[in-house]
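Q: Would you mind keeping the following structure in view while I ask a few things?
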Amino acid sequence: MPAPVPEKPLLRALAGEAVWPPPMWLMRQAGRYLPEYREVRAEAGDFITLCTTPELAAEVTLQPIRRYGMDGAILFSDILMVPWAMGQPLRFAEGEGPVLAPVRDAAAIAALEPGAVLQRAAPIFETVRLTRAMLEAQAPRTTLIGFAGSPFTVACYMVEGRGSRDFATTRGLAYADPGLFGKLIRSLVEATAEYLLAQAAAGAEALMLFDSWAGLLAPSQFRRWVIEPTATLVRLLKKARPDLPVIGFPRLAGPLLAEYAQRTGVQCLGVDTGMDLRWAAGAVQPRQALQGNLDPQALIAGGIALEAEARSILGAMRGRPFIFNLGHGIEKVTPPEHVAALVRLVRAG
Ligand SMILES: Cc1c2[nH]c(c1CCC(=O)O)Cc1[nH]c(c(CCC(=O)O)c1C)Cc1[nH]c(c(CCC(=O)O)c1C)Cc1[nH]c(c(C)c1CCC(=O)O)C2
């Protein structure tokens, strides 16, 4: 039986169709630049509480859909909820970002509980269910996107214990003890596959893998810790759900984007701000969609600078499968009215 033809613009683009004007959404579209987000965040008190309270997380997921009518709604959660669900202590310190108890030796890795992820993450799957039902009622053309961090980027935070400019400890460990680091990566591949399939079972219609720090790696390490685990993860997802499109975002990959596109099996490539979109179009397969890559700083600036950047992206991508997005997450100082202006511009094609 042929696969049913999707109706939603974002799913059509992911299936390889040159939908025009292109479907759009913005990374971190639910967040602190929105006053209505800050209100719910204050009500929840703590970021992890917000992520594990389905009614609040679903509400926050829908805020940018109500305000702007985006084509994609991304589940409100965080890539660090997988280590959290594996039992690694995590907190989000005010003004400091995430803080975790570092995992750097065999004992710490053995203490992780990948088998507990489905049970501990149950509130997140409930958020997916609730959000999908709300979208069906309120925004039936909007696609619900589930997500996880890629094994390498999640391992960066697990090993380092906090954010970092270069994740030197993690990259050093990968060279010094590849056996140990490989064990961590493998348990993340398995836990992440189960976690994403549970999101899909709860109603996520597409999945995105955030690999924010992939581009820090030397080419040999990029192949070993980014391409190979991502390919395994995508195979596990496709085995269970061949219909489910996957967006891969190996940020700062540069020319290695071509190999990543060829070997991982993803349907769509997220493109970061520093990459030329026309070059990316030549580096991926013709039916592979691209997603990106407006500079979040242009969105903060607004006006003619924003208009020029957005038009140049549209001009480069017309006629190929494309999803308009930013090249990295929206910043909290972004004026919400600049987002409204961008949506009008993209909708006009
Ligand atoms: C590396 C990474 C993280 N989280 C994420 C990444 C990959 C993408 C990227 O590179 O930005 C991904 C993420 N984080 C969040 C989402 C939700 C959905 C959405 O995009 O709207 C998604 C998809 C919410 C969030 N995740 C976080 C916030 C801010 C928390 C708050 O409200 O206090 C939000 C809305 C916290 C977070 N979470 C993380 C950090 C480093 C921080 C602190 C930085 C900050 O405070 O902005 C880890």
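The values are calculated or read from the model by the stated rules, or taken from the named source; none is laboratory data. Model, not experiment: these values are computed from the prediction. Cβ: placed from backbone, ideal geometry, glycine included. Neighbour counts: every protein chain shown.
Q: Please find, among Pro54, Pro23, Pro6, the residue that is modelled with pLDDT under 95 and more than 13 Å from the ligand (Cβ to nearest atom).
A: Pro6
Q: Quick check on the range 259-277: of everything there that is polar (S, T, N, Q) and free of Cβ contacts under 8 Å to residues at least 40 places away in the same chain, which residue is surrounded by the most Cβ atoms within 10 Å (Cβ to Cβ)?
A: It comes out as Thr264.
Q: Take Val117 and decide whether it is away from the ligand (no atom under 16 Å from the Cβ), closer than 19 Å to Ala201 by Cα and either at pLDDT 95 or above or polar (S, T, N, Q) (or both).
A: Yes.
Q: Please specify each residue of the range 93-104 satisfying the condition of being within 12 Å of Met158 (Cβ to Cβ), over 21 Å from the mean Cα position of the chain (by Cα) and within 11 Å of the ligand (Cβ to nearest atom).
A: Across the range 93-104, there are no qualifying residues.
Q: A further question follows. Take the residues of the range 200-210 that are within 13 Å of the ligand (Cβ to nearest atom) and farther than 10 Å from Leu244 by Cβ: which is surrounded by the fewest Cβ atoms within 10 Å (Cβ to Cβ)?
A: If we take residues in the range 200-210 being within 13 Å of the ligand (Cβ to nearest atom) and farther than 10 Å from Leu244 by Cβ, then Phe210 is surrounded by the fewest Cβ atoms within 10 Å (Cβ to Cβ).
Q: Further question: Mind listing just one residue for me: the one in the range 73-92 that is in a loop (DSSP other than H, G, I, E, B) and within 7 Å of the ligand (Cβ to nearest atom) and, of those, nearest to Ala111 (Cα to Cα)?
A: Restricting to residues being in a loop (DSSP other than H, G, I, E, B) and within 7 Å of the ligand (Cβ to nearest atom), the top hit is Leu80.
Q: From the list Lys183, Lys238, pick out the single residue that is closer than 25 Å to Gly72 by Cβ and basic (Lys, Arg). Even if it seems obvious, please write down each step before you answer.
A: Values: Lys183 fails: closer than 25 Å to Gly72 by Cβ.
Result: Lys238 is the single residue among Lys183, Lys238 that is closer than 25 Å to Gly72 by Cβ and basic (Lys, Arg).
Q: In this structure, does Phe249 turn out to be aromatic (Phe, Trp, Tyr), within 16 Å of the ligand (Cβ to nearest atom) and in contact (Cβ under 8 Å) with a residue 40 or more places away in the chain?
A: Values: aromatic (Phe, Trp, Tyr): yes; within 16 Å of the ligand (Cβ to nearest atom): yes; in contact (Cβ under 8 Å) with a residue 40 or more places away in the chain: yes.
Spelling it out, Phe249 is indeed aromatic (Phe, Trp, Tyr), within 16 Å of the ligand (Cβ to nearest atom) and in contact (Cβ under 8 Å) with a residue 40 or more places away in the chain.
Q: Report, by residue number, each residue of the range 273-292 that is more than 19 Å from Leu244 (Cα to Cα) and in contact with a Leu (Cβ under 6 Å, 6 or more places away or on another chain).
A: Once the filter is applied, which keeps residues that are more than 19 Å from Leu244 (Cα to Cα) and in contact with a Leu (Cβ under 6 Å, 6 or more places away or on another chain), the range 273-292 yields Ala280, Ala283, Val284.
Q: Please state which one of Gly302, Gly265, Gly329 is under 17 Å from Met27 (Cβ atoms) and either modelled with pLDDT of 95 or more or out of contact with any Lys or Arg (no Cβ under 9 Å at 6 or more places or on another chain) (or both).
A: Going through Gly302, Gly265, Gly329 in turn, just one is under 17 Å from Met27 (Cβ atoms) and either modelled with pLDDT of 95 or more or out of contact with any Lys or Arg (no Cβ under 9 Å at 6 or more places or on another chain) (or both): Gly329.
Q: From the list Val128, Val154, exactly one residue is within 16 Å of the ligand (Cβ to nearest atom) and within 18 Å of Gly72 (Cα to Cα). Which is it? Walk me through it before giving the result.
A: Numbers: Val154 fails: within 18 Å of Gly72 (Cα to Cα).
None of the other options fit; the residue is Val128.
Q: Now a separate question. Given the structure, is Arg41 within 11 Å of the ligand (Cβ to nearest atom), assigned to a helix (DSSP H, G or I) and of a type outside the set (Phe, Trp, Tyr)? Spell out the reasoning first.
A: Numbers: within 11 Å of the ligand (Cβ to nearest atom): yes; assigned to a helix (DSSP H, G or I): yes; of a type outside the set (Phe, Trp, Tyr): yes.
In short, yes.
Q: Has the range 140-152 got at least one residue that is surrounded by 16 or more Cβ atoms within 10 Å (Cβ to Cβ), of a type in the set (A, V, I, L, M, F, W, C) and part of a helix (DSSP H, G or I)?
A: Yes, that holds for at least one residue.
Q: Let me ask something else. Kindly evaluate Ala155 against the criterion of being in contact with a Ser or Thr (Cβ under 7 Å, 6 or more places away or on another chain) and assigned to a helix (DSSP H, G or I).
A: Yes, satisfied.
The rows are residues; the columns are (1) closer than 22 Å to Gln297 by Cβ; (2) touching a strand residue (DSSP E or B) at 6+ places or on another chain (Cβ under 7 Å).
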{"position": "Leu14", "(1), (2)": "no, yes"}
{"position": "Trp20", "(1), (2)": "no, no"}
{"position": "Arg32", "(1), (2)": "yes, no"}
{"position": "Pro35", "(1), (2)": "yes, no"}
{"position": "Leu50", "(1), (2)": "no, no"}
{"position": "Ala57", "(1), (2)": "no, no"}
{"position": "Val60", "(1), (2)": "no, no"}
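Q: Consider Ala253 carefully, then state whether it is under 19 Å from Thr153 (Cα atoms) and either crowded, with 22+ Cβ neighbours inside 10 Å or at pLDDT 95 or above (or both).
A: Considered against the rule, which asks whether it is under 19 Å from Thr153 (Cα atoms) and either crowded, with 22+ Cβ neighbours inside 10 Å or at pLDDT 95 or above (or both), Ala253 comes out as yes.
Q: Quick one: is Arg186 charged (D, E, K, R), more than 19 Å from the chain's Cα centre (by Cα) and on the phi < 0 side of the Ramachandran plot?
A: yes
Q: Looking only at residues that are acidic (Asp, Glu) and surrounded by fewer than 22 Cβ atoms within 10 Å (Cβ to Cβ) in the range 31-65, which one is farthest from Val333 (Cα to Cα)?
A: Restricting to residues being acidic (Asp, Glu) and surrounded by fewer than 22 Cβ atoms within 10 Å (Cβ to Cβ), the top hit is Glu55.
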